[in-house]
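The values are calculated or read from the model by the stated rules, or taken from the named source; none is laboratory data. Computed from a predicted model, the values in this text were never measured in an experiment. Cβ atoms come from the backbone with ideal geometry, glycine included; neighbour counts cover every protein chain shown. Side chains are part of the model used for accessible areas, which takes the heavy atoms of the whole protein and leaves out ligands, DNA and RNA. Shrake-Rupley method; radii C 1.70, N 1.55, O 1.52, S 1.80 Å.
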Amino acid sequence: MEEARFKLLTEYLPIIRRLSNGEQVGSANLVPWTKPGGGPRMLIGAWGSGPWVLRAAREYDGWLASAHYTRGVNGLADGIKRFRDGGGKRAVLANVRFDLSAPRRALTADGPFELMCGPQEASDRLNQAAELGFDDCLLAKPVGQTDDDVLQIRSIYPG
């Protein structure tokens with residue numbers, strides 16, 4: 001099943017890119033497109049150890065790494081190294097769970113990268129993600145977090 005999905009992805013991503021750039025593909029087109037020749041940026045979500053991280057680096061506009069499913073900081077470090085070594089320009093660390101009032105959860109060698117800690121440590125962890133080479137973090141707001149919690153995390157963001 002997974003092999004079939006990647007086969008379809010491999011086949012259709014170039015078509016999506018062509019359509020996004022204002023080209024007509026068969027009878028399909030996205031005209032009028034406001035800015036032909038650029039289209040939306042395409043970031044590929046992929047495991048850091050698989051072939052798609054290199055495709056994201058070489059053929060697309062960036063890589064979305066999962067903070068929740070990648071195996072710890074070492075896994076993220078390995079993935080970002082592969083991405084940058086492959087020529088990748090933009091890396092986003094996605095699915096970063098946060099709760100600045102939750103009991104502290106230490107980052108572990110094989111656990112998720114998350115901000116389940118106080119504000120200062122969360123800021124340190126965001127800096128750690130930047131030092132690894134990630135350009136942005138996409139936060140996942142847990143159920144129960146308020147808009148004030150989102151504003152607090154924004155206030156500590158180092159970028």
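Numbers at a glance
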| quantity | calculated |
| --- | --- |
| Computed [θ] at 222 nm, helices only, for the chain once each DSSP H run of length n ≥ 4 contributes -39500 (n - 2.57) | -13000 deg cm²/dmol |
| Binned Cα-Cα distance frequencies in the range 92-156 - 10 Å width, integer % | 21, 61, 17, 0 |
| Helix 2-20 axis, angle to the chain major axis (alpha carbon atoms, nearest 10°) | 70 |
| Accessible area (Å², 1.4 Å probe, nearest 10) - S27 | 110 |
| Within the accessible area of the range 56-151 (1.4 Å probe), percent carbon and sulfur | 49 |
| Mean Cβ neighbour count within 10 Å, used as a protection proxy, ranking 61-67, 116-122 highest first | 61-67, 116-122 |
| Cα gyration tensor shape for the range 31-159, rounded if a/c is under 1.5, else prolate or oblate | oblate |
